[in-house]
1. A195 fails exactly one of the following numbered conditions: (1) among the small types (G, A, S); (2) out of contact with any helix residue (DSSP H, G or I) (no Cβ under 8 Å at 6 or more places or on another chain); (3) in contact (Cβ under 8 Å) with a residue 60 or more places away in the chain. What is the number of that condition?
2. Output yes when any residue across the stretch 103-125 is more than 17 Å from D15 (Cα to Cα) and among the β-branched types (V, I, T), and no when none is.
3. Please enumerate the residues belonging to the stretch 216-272 that are out of contact with any helix residue (DSSP H, G or I) (no Cβ under 9 Å at 6 or more places or on another chain) and at positive phi.
4. Criterion first (among the hydrophobic types (A, V, I, L, M, F, W, C), open to solvent by 40 Å² or more (accessible area, probe 1.4 Å), under 45 Å from the mean Cα position of the chain (by Cα) and at pLDDT 85 or above) does W77 satisfy it?
5. Out of everything in the stretch 501-528 that is modelled with pLDDT of 85 or more and part of a loop (DSSP other than H, G, I, E, B), what residue ends up being farthest from G434 (Cα to Cα)?
6. What number goes with the only condition from (1) in contact with a helix residue (DSSP H, G or I) (Cβ under 6 Å, 6 or more places away or on another chain); (2) under 20 Å from I166 (Cα atoms); (3) surrounded by fewer than 24 Cβ atoms within 10 Å (Cβ to Cβ) that G90 does not pass?
7. If you take the residues of the stretch 388-403 that are touching a strand residue (DSSP E or B) at 6+ places or on another chain (Cβ under 9 Å) and open to solvent by 100 Å² or more (accessible area, probe 1.4 Å), which of them is farthest from H433 (Cα to Cα)?
Amino acid sequence: MPTTTPGIAEAQYRDLYFYSLYRVLEAGLLALLLFGPVRELVPPPAHPVLAKATSAAYLLASAALLYWGLRQRGLRWQVAVGMLVDVVAGTLAIHALPPAASGIALMLVFNVAATALLLPLRYGLAAGALAGAAMIGEYIWSSLLVRGFDRPLAEPLMFAVSFLSIAMLSYLLGRQIRETQALAERRGGELADLAAINELIIRRMRTGVLLVDGDGEIRLANEAALLAVGDIGRDRHLAQVAPPLAERLREWRRTGQSEDTPLRLGGEQREVLPRFARLLGHGESALVFLDDTSLVSRRAESLTLNTLGRFAASLAHEIRNPLAAINYATQLLQESEDIGEADQRLLQIIHAQCQRTNGIVESVLGLARRERASAEHLDLAQFARRVVDDFRQVLPAESGRIEVTGHPQVPALVDPRHLQQVLTVLLQNALTHGHYPGDPADVTLDIHLAAGRPTMDVRDQGPGIPEELRERLFRPFFTTSEHGTGLGLYIARELCRANEATLEYVNLADGTSCFRIVLPEPRAMLPA
């Protein structure tokens, strides 16, 4: 028997159940003719004992086959045994009740058809041949034993041909039904998969999507929309959840146009730009798309940085060569004895500004290069002490104090050049901004493990960063200093990401804050 899907197998067992009920009906009708009040309306049986015994046995066998079918085990055996019981009972009933022979044979046609419908072709034809052979055999049996037997031979022959024909037709019909059902199940599964994929895509879209009906009720909302408008809860009315958005939707429905100004929604006051579209051509339901303007800003920043990087790479020599010449000429003039103190001060200013301009060029070129990380296994504490020692050599004595604390040995997997550049940015910021006016800077670089991952905390004794500035801390070109470029922390975070590390500004348990670098576990794979 060919392999069937669970849906087709379930349908076949359901057909077998109705087939078993029909068999019980056949046995009940036969018992009614022999034991019921209608026995007076039909001629008496030629063999009363055989007829009653056959009727009783067939009724019991039908009930047993019905119970077997309810257990849904062994479909082929149930159908085969049931067909054998039908043929034997039908043959004996025809022999015992000759006046009802045609009716019993006609009822047996359905049994053959059901067998061919449920089983492969060879079993269906075998059932038809068995029923036809039984009809012919019963005819020969009766003609030899019964005197005056006048039933024509054409009758059993026509029934035999009918049994084979109905077996073939039923098999073809059943095969087409099964193929159609299998195709429907496959199509249904594909549609269910497509629906699940569409739902997943909509749910994971960065653009918020709301489905709002004509009464202003929110019917569907994806994750981005929930982040934008906040938790909907039980109250799903748009006017209650986001009144400005509901007002904008009413205006769009009335005029067909929407403003291009963003809205602030939800508890976090996210800036979103709503767009509207009708779900159906003449329906009242509307799709509301919520574009996060911060994502648009970040995309614009990314494009700006890429363009700036290419531009900086092409003009690097054009800027650095004249800058180096100016710096060199300034140093030569400073060595001259003919320059007075006032002019020496001006030369110092020129030299300092050349150094600052060169730092800006180096920062912008760092964005353009985007070098891959070459991770190495190193001792984080030893590496941190070496970086701090190198940093102290170029640090004026009055700038402040830097101390390395924490675990003496912490293995890590990181690009040492990238990590040194990140630490240089953080230490320089801490020395510059991490102290109160008039007090010397006191910076601590703490090395430890957090959740099994190497961690470095850069802490100072300053007033900290205001809450309203923290979300913009790592954005490019954001700075609070008139001498800064706003690229230091951005480049530091990008270098950390290249090493599968994180750089965050976190609050500590003692109420202070720090910049925290969390590196990957040393057992992790080297970054690509």
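The values are calculated or read from the model by the stated rules, or taken from the named source; none is laboratory data. Computed from a predicted structure; not experimentally measured. Ideal geometry is used to build each Cβ from the backbone, glycine not excepted, and the neighbour counts take in all protein chains shown. Ligands, DNA and RNA are excluded from the accessible area calculation, which covers all protein heavy atoms including side chains. Shrake-Rupley method; radii C 1.70, N 1.55, O 1.52, S 1.80 Å.
1. So A195 meets the others, but not (3).
2. Yes: one or more hits.
3. Residues satisfying the conditions are G256, Q269.
4. On the way: among the hydrophobic types (A, V, I, L, M, F, W, C): yes; open to solvent by 40 Å² or more (accessible area, probe 1.4 Å): yes; under 45 Å from the mean Cα position of the chain (by Cα): yes; at pLDDT 85 or above: yes.
Taking the combined requirement at face value, the residue satisfies it.
5. Step one: list which residues in the stretch 501-528 are modelled with pLDDT of 85 or more, which gives 501-506, 514-520.
After this cut, where a residue has to be part of a loop (DSSP other than H, G, I, E, B) as well, the list is 501, 519-520.
On the way: A501: 24, L519: 24, P520: 28 Å.
So the residue we want is P520.
6. Here G90 clears every test but (3).
7. If we filter the stretch 388-403 for residues that are touching a strand residue (DSSP E or B) at 6+ places or on another chain (Cβ under 9 Å), which is where we start, we get 388, 391-392, 395, 399-403.
Add one more test, that the residue is open to solvent by 100 Å² or more (accessible area, probe 1.4 Å), and what stays is 392, 401.
Details: R392: 17, R401: 13 Å.
Among those residues, the one meeting the criterion is R392.
A quick yes/no check of all residues on (1) open to solvent by 40 Å² or more (accessible area, probe 1.4 Å); (2) over 20 Å from L495 (Cβ atoms); (3) in contact with a helix residue (DSSP H, G or I) (Cβ under 6 Å, 6 or more places away or on another chain); (4) among the aliphatic types (A, V, I, L, M):
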{"site": "N429", "(1), (2), (3), (4)": "yes, no, no, no"}
{"site": "G434", "(1), (2), (3), (4)": "no, yes, no, no"}
{"site": "G438", "(1), (2), (3), (4)": "yes, yes, no, no"}
{"site": "A441", "(1), (2), (3), (4)": "no, yes, yes, yes"}
{"site": "L445", "(1), (2), (3), (4)": "no, no, yes, yes"}
{"site": "R459", "(1), (2), (3), (4)": "yes, yes, no, no"}
{"site": "E467", "(1), (2), (3), (4)": "yes, yes, no, no"}
{"site": "E471", "(1), (2), (3), (4)": "yes, yes, no, no"}
